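A.B. asks: Sharing a structure below in structure tokens format, with a few things to ask.
The values are calculated or read from the model by the stated rules, or taken from the named source; none is laboratory data. Since we're looking at a predicted model, the values are computed, not measured. Cβ placement follows ideal geometry from the backbone for every residue including glycine, while neighbour counts extend to all protein chains displayed. Ligands, DNA and RNA are excluded from the accessible area calculation, which covers all protein heavy atoms including side chains. Shrake-Rupley method; radii C 1.70, N 1.55, O 1.52, S 1.80 Å.
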2 protein chains.
Amino acid sequence: MAAKRSDARGKRPQRISEWLQPVHEPRSEPPLSRDRIVVTAVELLDAQGVDGLTMRRLADRLGSGVMSLYWHVDNKEDVFDLALDSVLEYRGPQQIAQDWRGEVVHMLEDWRASMLRHPWSASLLPRRALGPNILSRLELLSKTLSRAGVADADVNVAIWSLWNYVMGATITRASFDLSDDDRAAAQQRLTRLSERYPTIERSRLLLDNDWDGAFRKGLGFLLDGLSPR
Amino acid sequence: MAAKRSDARGKRPQRISEWLQPVHEPRSEPPLSRDRIVVTAVELLDAQGVDGLTMRRLADRLGSGVMSLYWHVDNKEDVFDLALDSVLEYRGPQQIAQDWRGEVVHMLEDWRASMLRHPWSASLLPRRALGPNILSRLELLSKTLSRAGVADADVNVAIWSLWNYVMGATITRASFDLSDDDRAAAQQRLTRLSERYPTIERSRLLLDNDWDGAFRKGLGFLLDGLSPR
DNA sequence: CACCGACTCGTACATAGTACGAGTCGGTAT
DNA sequence: ATACCGACTCGTACTATGTACGAGTCGGTG
């Protein structure tokens, strides 16, 4: 977790300074920090996508040398983890409302919205470990369901079903929407496919204009199934 | 789709052969082909994970030069696409059964099983375009639901809900299970987290031994919600 | 025999992550 | 003042990667 700070880096620097000028130009930027790195990483990811994030570009944007980053983060994977988690912070009400169902819907829609605001997050999530913010969300969801009267033996399955639904919906949406190729290419590919897969094409068209509604409606079905009868 | 074959590669080779020996050793392997490449790529992915697949390693395993691969595939992304789709082929019954609900469950469990057999596939899916095999599965699912009497307006939402559920469940399972780190590290991380997230930890433990059952049960809930009343 | 198209591959390059260790700087104990 | 330290920065250099380029082989066909 902590960067090199905790490491034993006890090499005494040798003062054979042969030049009198400082080696580094005076910094115009504020000093590096883990937070600045994460914020900038998110900007870069938003702008350029997953492949657009490189340590060099990140350092450039921060006005620092590349290797300076490694004082604050362990490696590039670490940057991904931090960026991902930072994007999933939950700012909603932390206490349980009366209307549990409305509360659940709100939580999950917020979750989905957070991820869609940063489309790279959806494709990153499956590869990375679950960060604290995700776990908080799950924890809160779990508590809400528990008190809602969902049968105790079912709570676990319920949480996971909902989580699965959100994950899947978001990922699907993101990958359908902005696959790496151009808009045009994707469009062409889809219309070519539509000949062979008529039913899919039809649903896609129907859904295309109302992903949000579809999400809410499907979630409704799922909650119907989960509700205590 | 077709590789360089279709390209205009009309450069006439110049025969200034200064050496009489053949440049390439005689091949002991069968000739390259797109299929062999895909099969080997899947082996490599199974054995080493997403990051384990490099063009060089792939060529090594195939006993060919690296650049030979590029005659048969466009680039590495192409390899990923092909490998992913090859793993998702559906071999189940292609006709609609009487028991639509059983049929749906079977289709989705098969789907999930296919992906879990190749854990890299789950993490790859969100980044890649939908291949023909996925679309076939969706098409079949869609037809089944249509004939099952799900209200016409709901079919689309139903398909997507089910798809979302499967995707999410598989991805979650795969990432929870074998995250890139060692087993030990993951275990340690989780127990450390369990102090802060007691409810999650409890569910995780409960689920841990029966992911399959949880999947089936959650799917049951969803189908309950979707069923025509 | 000239020629072609299918296919193979060595070389070379640009770009990536990051190990290493030298450097600066501000503080603190002597 | 001096010696020293720990926090932090960064240039250099190494390795690994995807892939463009173009020369080469080979079998077939006019």
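A.B. asks: Take the range A:27-87, compute every pairwise Cα distance, and split them into 5 Å bins from 0; I just need the percent in each bin.
C.D. replies: 4, 20, 36, 27, 11, 2
A.B. asks: Taking θ as phi - 60°, what are the ³J(HN,Hα) couplings along the range B:219-226 by the Karplus curve (6.51, -1.76, 1.60), each to the nearest whole Hz, with x for Gly and Pro?
C.D. replies: Running phi through 6.51 cos²θ - 1.76 cosθ + 1.60 with θ = phi - 60° gives 4, x, 4, 4, 5, 4, x, 7 Hz.
A.B. asks: Sticking with this one: Counting only other chains, what is the mean number of Cβ atoms within 10 angstrom of the Cβ of each residue in peptide A:116-125?
C.D. replies: Mean shielding by partner chains, rounded to a whole number: 2.
A.B. asks: I've got another one for you. Rank A:64, A:86 by accessible area, highest first, at a 1.4 Å probe radius?
C.D. replies: Highest to lowest solvent-accessible surface, that is A:86, A:64.
A.B. asks: Separate question: What does the highest-first list of B:39-50, B:163-174 look like by mean Cβ count within 10 Å?
C.D. replies: B:163-174, B:39-50
A.B. asks: What's the FRET efficiency of residue A:55 with residue A:109 using the Cβ-Cβ distance as r and R₀ = 35 Å, to the nearest 0.05?
C.D. replies: 0.50
A.B. asks: Going 7 Å from Cα along the Cα-Cβ axis for the label, what nanometre distances separate residue A:71 from the same residue across the other copies?
C.D. replies: Label-point distances to the other copies, shortest first: 5.3 nm.
A.B. asks: Got a sec to turn the phi values of the range B:30-42 into Karplus ³J(HN,Hα) couplings, 6.51 cos²θ - 1.76 cosθ + 1.60 with θ = phi - 60°, whole Hz, x for Gly and Pro?
C.D. replies: x, x, 5, 7, 4, 4, 4, 4, 5, 4, 5, 4, 5
A.B. asks: Right, next: Between residue A:146 and the same site in the other copies, what are the distances in nm, shortest first, taking label points 7 Å from Cα along the C-beta direction?
C.D. replies: Sorted ascending, the copy-to-copy spacings read 4.6 nm.
A.B. asks: What nm distances, shortest first, do you get from the label point of residue B:92 to those in the other copies when the point sits 7 angstrom along Cα to Cβ?
C.D. replies: The projected label point of residue B:92 is separated from its counterparts by 3.2 nm.
A.B. asks: Give a residue-ordered list of calculated ³J(HN,Hα) values for the range A:134-146 (Karplus: 6.51 cos²θ - 1.76 cosθ + 1.60, θ = phi - 60°; whole Hz; x for Gly, Pro).
C.D. replies: Whole-Hz 3J(HN,Hα) from phi for the range A:134-146: 5, 5, 4, 4, 5, 4, 5, 4, 4, 4, 4, 5, 3.
A.B. asks: For residue A:29 and residue A:68, calculate 0.36 nm times their separation in residues minus their Cα-Cα distance, and state this gained length in nm to one decimal.
C.D. replies: 12.7 nm
A.B. asks: Find how much the distance from residue B:48 to residue B:91 grows on full extension, using 0.36 nm per residue of separation minus their present alpha carbon separation; answer in nm with one decimal.
C.D. replies: Working it through step by step, the gained length comes to 12.9 nm.
A.B. asks: Please work out the Cα center distance from the range B:129-159 to the range A:47-119, rounded to the nearest Å.
C.D. replies: 33
A.B. asks: Also, quick follow-up: Ignoring ligands and nucleic acids, what accessible area does residue B:212 show with a 1.4 Å probe (Å², nearest 10)?
C.D. replies: Residue B:212 exposes around 80 Å² with every protein chain in place.
A.B. asks: With no solvent and one equal point scatterer placed on each C-alpha of the range B:86-150, evaluate the Debye formula and give log10 I(q)/I(0) for q = 0.17, 0.19 Å⁻¹, two decimals.
C.D. replies: Each listed q maps to, in turn, -0.61, -0.74.
A.B. asks: From other protein chains only, count the Cβ atoms within 10 Å of every residue's Cβ in B:219-227, then give the mean.
C.D. replies: The per-residue average across the peptide is 6.
A.B. asks: Additional query: What does the average come to when, for each residue of peptide A:127-137, you count the partner chain Cβ atoms lying within 10 Å of its Cβ?
C.D. replies: 5
A.B. asks: Enumerate by residue number the trypsin sites (Lys or Arg not before Pro) in the range A:91-162 meeting two conditions: DSSP loop (anything except H, G, I, E, B), and at most 15 other Cβ atoms within 10 Å of the site's Cβ.
C.D. replies: A:91
A.B. asks: Another question, then. Tell me the total accessible area that A and B bury against each other, 1.4 angstrom probe, in square angstrom rounded to 100.
C.D. replies: 4800
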